[in-house]
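Accompanying notes for the structure given below.
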Amino acid sequence: MAKVIVVTSGKGGVGKTTTTAAIGAALAQTGQKVVVIDFDVGLRNLDLVMGVERRVVFDFVNVIQGEATLSQALIQDKRLPNLSILAASQTRDKDALTQEGVGKIIEELREKFDWIVCDSPAGIEKGAKLAMHFADQAIVVTNPEVSSVRDSDRIIGVLDSTTEISVNGGKMEKFLLITRYDPNRAARGDMLNTDDVLDILSIPLLGIIPESPEILKASNVGAPITISDNPSAAAQAYIAAAKRLQGEDIAINIPTERKGFFDWLFKRSH
Amino acid sequence: MSFFTKLFQRKNSAPIAKERLQILLAHERSSKGGDSDLLYKLQQEILKVIQRHISVDQDKVQVKVDRNTDFSTLEIDIEVPQQTDGNETTNIHIASSHSLEKNE
C-alpha cells in the first residue's frame, strides 16, 4: 500500500525541501519506489535541490490541466532510478492547483509508487493545505527555536482539522523532525533542547538532524544529502529517520559535539 | 586565501552552485513564463503533423530537455504502432538544439 507523506512546517527556511529530498532519496535507497512532489507553485526549488532543474519539461500544473500526462511530467533521478520528481510550476499562479486535480494525481501515483513525499510550501495558505490534504502521515520539520516551534504547533492544528483523513474522522499520523540542531549551543543551554520541543509539541520524534555544512554542499551540487559513499552525520540521521518511517525500531541519536584534533584543525581552516 | 584554506581545499561546491544557477536563471529570464509553454506548443504541433499520418498514443510520447549554457537540447520520442500488426512498435526520435540568443 502506497503511503502519502507531507513534509510541512508552517515556517519557511527550516529545511522542508532538504528533508523532502533526503527522505525521498533515503527511502529510494532501500529499493522502494518513491516520488517527491513540489507543491510550491511559483517558487519551486525541489528540482534545484534534487539537481534536475535542467531537465524539467512539464510540471504539476501541466498534468492537472491535461497538457501532459503524468508519465511525461515525472523526472526520473539519474542516480536512483526508483526515485522520481514531479516539479511545481514556476510560472502559473497558485490557484492553478485544485483539490480535485491534486486528488486525481495522488490517486494515480499511489498505483505506481510505494511512497509519495509532498514538499509543502511555507505558510498555511492554499498550497500548504493542498500539500497535506491527501496525506496519510506528516513530517513536521521544526528548528529548536521559538518561532519555528510556534508555527509547528499551528500546523499540527491544521493537520488535525482540514485534511481529508481528519475530515473523515480519522487521525493524521504526525512525526516531529528537528533540523538544524546545534550540539554546541544545546550543550551551553542556549538552544531549546529536544525534550523542550517534544514537551511542547507532544508528537512522536522521527529524528534529529544536526546542523551541517554538508547540507549546503549537497544543495550546491544538487544531490540529496543521503546519496554519498561516506554519509555525514546529517545524512545518517536522515537515513535513520527514513528507516523509522518504514517501521524499523532504531534508537534516536541526539547529536553531540566531537572535539577531536582534526575537528579543531578543520574549524581553523574554514 | 589562507594557508589553511589552501591546505584543506577539496573540490569546492560553490562554483558548481554558481554555474547551475547561472544556467537556470538565464533560461528563466529569457523566456517569460518559462520555456515549458514553448515546449508544450512544440510538442503539440509536432504531434499534430505526425498524427496526420499515424495514430499516436499521448502516453507514448516522451519529451526531454537538457538546458545548457550555450544551447539546449530538446528530444521528442514517439512510440508508434507498426501499421501491419499492432504488436510491433517503431520509435520516432526528433532531436533539436537551440541557442538562448536566437530565442530572444
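The values are calculated or read from the model by the stated rules, or taken from the named source; none is laboratory data. The structure presented is a predicted model; accordingly, all values stated were derived computationally and were not measured. Cβ coordinates were reconstructed from backbone atoms using ideal geometry, including for glycine residues, and neighbour counts include every protein chain displayed. Accessible surface areas use protein heavy atoms only, side chains included; no ligands, DNA or RNA. Shrake-Rupley method; radii C 1.70, N 1.55, O 1.52, S 1.80 Å.
Observations, loosely collected:
- Whole-percent carbon and sulfur share, accessible surface of region A:201-259, 1.4 Å: 49 percent
- For trypsin sites (Lys or Arg not before Pro), the sites in region A:41-101 that DSSP calls loop and that have at most 15 other Cβ atoms within 10 Å are A:78, A:79.
- Buried accessible area, chains B and A (both chains, 1.4 Å probe, Å² to nearest 100): 2600 Å²
- The mean number of partner chain beta-carbon atoms within 10 angstrom of a residue's beta-carbon across peptide A:51-57 is 6.
- Cα radius of gyration and Dmax for chain A (Å): 18.1, 59
- Rg(Cα) / (2.2 N^0.38 Å) computed for region A:116-270, rounded to two decimals: 1.13
- For region A:130-217, the pair-distance distribution built from all alpha carbon pairs, in bins 10 Å wide starting at 0, is 17, 44, 28, 10, 1 percent.
- Number of Lys-Lys pairs in region A:78-216 with C-alpha atoms under 17 Å apart and a separation of 8 or more places or on different chains: 6.
- Taking the inverse of the mean reciprocal distance over all distinct Cα pairs, the Kirkwood hydrodynamic radius of region A:114-175 comes to 12.0 Å.
- Model label sites at residue A:125 and residue A:195, defined 7 Å from Cα along the beta-carbon direction, differ in position by 4.1 nm.
- Taking label points 7 Å from Cα along the Cα-to-Cβ direction, residue B:68 and residue B:96 give a separation of 1.8 nm.
- Measuring gaps between exposed loop sites in chain A (GluC sites (Glu not before Pro); DSSP loop; at most 10 other Cβ atoms within 10 Å), the longest gap, sites not included, is A:1-124.
- Annotation: aspartates and glutamates with alpha-carbon distance below 19 angstrom to residue B:48 (same-chain offsets under eight excluded): A:67, B:37, B:57, B:59, B:75, B:77, B:79.
- Dipole moment magnitude, nearest 20 debye, the protein assembly as shown about Cα centre, only Lys, Arg, Asp, Glu C-beta charged: 1180 debye
- Share of pairwise Cα-Cα distances greater than 17 Å in region A:1-77 is 50 percent (whole percent).
- For chain A, the longest principal axis of the alpha carbon atoms and the long axis of helix A:99-112 meet at an angle near 70°.
- Reach of residue A:33 by Cα under 13 Å, taken over aspartates and glutamates that are not fewer than 8 positions away in the same chain: A:77, A:111, A:114
- Taking every C-alpha pair closer than 8 Å and separated by at least 6 residues, the mean separation divided by the residue count of chain A gives a relative contact order of 24 percent.
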